[in-house]
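In what follows, a single structure is set out as C-alpha cells and then discussed.
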Amino acid sequence: MSLARLWESLLPLGRDNRTGGYRRYSWTEADLACRDWFRAVAAERELPVHADGNGNLWAWWDPPGSPPGGPRTGAVVTGSHLDSVPDGGAFDGALGVASGFAAIDLLRERRSLPVRPIAVAAFSEEEGARFGVACLGSRLLTGAMDPGAARELRDGDGITLADAMAAAGHDPGLLGPDPALVDGIGAFVELHIEQGRALAGSLVAPLGVAEGIWPHGRWRFDFAGQADHAGTARLADRRDPMLPFAATVLAARECAGRLGTLATFGKVVARPGGVNAISSTVRAWLDARAPDQPGLDETVEQIGVAAGRAARQHSVAVTVTAESRTPPAGFDRALRDRITRLLATAGTDVPALPTGAGHDAGVLTAHVPAAMLFVRNPTGVSHSPDEHADPEDCEAGVAALAAVLENLACR
C-alpha cells in the first residue's frame, strides 16, 4: 500500500467537518478509531502489535527466524503520534506514523530484510491536549513522569487519565517506566512535518534533519477575584481577574520580544462565564519556549512578576503552577551525521535546523540515540487546518526514511 492510500484511510478519523481540523484527543472515540487504524494497517503487513503499559503502540517487523515473543535488542524504531491539538492539522504526528508503515512497504518491495527488529510506534498523548502534559506516553515510558501523578491528571470535564484509560479498556495500573523496552531500542528516527518555513524559505529543501529542540514548558496562571454584576458593580469596587490576566498577556508578548523567546497564552477559562457577570476566576495557560534554558527561565520569571504586579493593582490574587518542563534536547550527533551522509550520497541534501516544537524524539534522546527528519511545510503553519505538505515531499520523506531504516537495520 502506498503512502497515498494509507493517508486516505487515516484522513477522515477525528476530523471536524465544520472546521476542517482534527480533534483526536487521547482515549476518546476518535483516538480509539486511530488506534484501530494502526492495528489494522499492521495486521495487513503481518506485523504484531504491542500496546505497552502507557498506551503507546508498537508494530514490529522482526528479522526472519526470530522466536515469537522473544527479546528484542538493537531495534530501530520510527513513528510519531496520532493525537492532535484542538482543530489541529492533518500532518502533525500522523505523517510520521503513516510514513513508517510506507517505508516498510518500500523495503519489502526491494526485498530488503531486517537483521535487527524494526518498529513503527504511535505514542500516546503527545500533544497534551486532553490531560495537559505533552509527550505523556514517552515521558511515562522513560520514567520522566511519575505514574501516580499521571493517573490523577484531569481533563476539562474533570475525568482523570486513569478513568479515561479504564473506560477504553486499558489498565491504568500498568502506567510507568518500561526499562526493558527502552533498553531494546538501538535508534529512534521520527519523521515529522516541519512546523515553520525554514525548508520552504531560505533553505529551499524538501527535507531537513533536526539539530535540537528548544527548552519549553507549560505554566498555569490562576487569577482569583470576586464575582459580581456587570451592570451594578462600580468600576472602582471591582476585583475583576480578567484585567490582570489581560495585562499579563500583553506583558508576555513584550517580554518575549525583548528577550528573543516565545510566550503564548493559548487557552483561558473564565468562571462563572456569564456575559453579564464579572468573573470570579480566570485560569490561563502559558506556553513558553526559548533557544536556551536561561532565556526560558528569565521569560517565565518576568511574566510571573508582571502577573503579580497587575494582580495587586486590581486586588486580585494570582498563583503560578508549573505543569510541565522540558529541558533542551540535543539529538545524537553521530546518528544525525550518518543520516545526513547517507542521504547526501543518494543525492538528497538535508540541512540541519533547530526547532521550538516538542516531540517524543526529544524525550527519548536522553535514553537512546534519536534523530528527526522534517518534511517541508509550504504554509509554515502548524497546529491548524492550514498545515500542509505536498505529496511529492511526503513521498521523498518516505524514501529517505526507508533508506535510513535499511542502513540502520538491514545491513
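Which parts of the stretch 58-91 would a label at D386 reach, counting a residue when its backbone N lies under 16 Å from a point 7 Å out along Cα-to-Cβ?
It comes to 87-91, nothing else.
Mind checking the angle between helix 391-409 and the chain's longest principal axis? C-alpha axes, 0 to 90 degrees, to the nearest 10.
Roughly 60 degrees between the two axes.
Remind me, relative contact order of the chain in percent, using alpha carbon pairs under 8 angstrom and six or more residues apart?
Over the chain, the number comes to 22 percent.
Name the residue farthest towards the positive end of the dipole of the chain from the options H367, T28, A166, assuming +1 on Cβ of Lys and Arg, -1 on Cβ of Asp and Glu, about the Cα centre.
After comparing all options, I get H367.
Once you put a point 7 Å from the Cα of R18 and another 7 Å from the Cα of R258, both along the Cβ direction, what distance in nm separates them?
About 4.1 nm, to one decimal.
Using Cα springs under 10 Å in a Gaussian network model of the chain, which residue among P328, P147, P179 shows the largest mean-square fluctuation?
Among P328, P147, P179, the largest mean-square fluctuation in the Gaussian network model of the chain belongs to P179.
Would you please state which residues of the stretch 273-307 a label at R333 would reach in this model, taking the label point 7 Å out along Cα→Cβ and a backbone N cut-off of under 19 Å?
292-293
Across 10 Å bins from the origin, how do the percents of Cα pairs in the chain run, short distances first?
5, 21, 31, 24, 12, 5, 2, 0
Under the classification rounded if a/c is under 1.5, otherwise prolate if a/b is larger than b/c and oblate if not, where does the stretch 77-148 fall, given a ≥ b ≥ c as square roots of the Cα gyration tensor eigenvalues? Show your work: numbers first, answer last.
Numbers: a/c = 5.76, a/b = 1.65, b/c = 3.50.
Cα axes put the stretch 77-148 in the oblate bin.
What is the angle, in °, between the Cα long axis of helix 29-44 and the longest principal axis of the Cα atoms in the chain? Nearest 10 is fine, range 0 to 90.
Once rounded, one gets 10 degrees.
Under 10 °C and 1.306 mPa s, how fast does the stretch 216-326 diffuse according to Stokes-Einstein, given a Kirkwood radius computed over C-alpha pairs? Answer in µm²/s, whole number. Write down the numbers at each step before the final one.
Numbers: Rh = 14.2 Å.
It comes out at roughly 112 µm²/s.
Taking springs between alpha-carbon atoms closer than 10 angstrom, which of R111, R218, R39 fluctuates most in the Gaussian network model of the chain?
R111
Per DSSP helix of 4 or more residues, -39500 (n - 2.57); summed, then divided by the residues of the chain. What does that give at 222 nm, rounded to the nearest 500?
-10500 deg cm²/dmol
Tally the DSSP beta bridges in the chain and give the antiparallel ones as a percent, rounded to 5.
70
Which of E109, E29, E46 moves the most in a Gaussian network model of the chain with Cα springs under 10 Å?
Maximum among the listed residues: E109.
Please compute the modelled spin-label separation between D36 and Q313, points set 7 Å along Cα→Cβ, answer in nm with one decimal.
Placing both labels 7 Å beyond Cα along the Cβ direction yields 5.4 nm.
For the Cα atoms of the chain, what angle does the longest principal axis make with the long axis of helix 293-313, in degrees from 0 to 90, nearest 10?
Approximately 20 degrees, to the nearest ten.
Which one, P114, L95, L82, projects farthest toward the positive side of the charge dipole computed for the stretch 80-130 from Cβ point charges (K/R +1, D/E -1)?
Of P114, L95, L82, it is P114.
Explain nothing, just the number: relative contact order of the stretch 216-326, from Cα pairs under 8 Å at least 6 residues apart, as a whole percent. Write down the numbers at each step before the final one.
Numbers: 230 pairs, mean separation 49.4, N = 111.
Once normalised by length, the contact order is 45 percent.
Only loop residues by DSSP count here, and only those with at most 15 other Cβ atoms within 10 Å; note down the GluC sites (Glu not before Pro) in the stretch 240-335 that meet that.
Here no loop site has a sparse enough neighbourhood.
Values quoted throughout were computed directly from the atomic coordinates according to the rules given, and no laboratory measurement underlies them. These numbers were taken from a predicted model, which means no experiment stands behind them. Methodologically, a virtual Cβ is constructed for each residue, glycine included, from the backbone with ideal geometry; neighbour enumeration extends over all protein chains shown.
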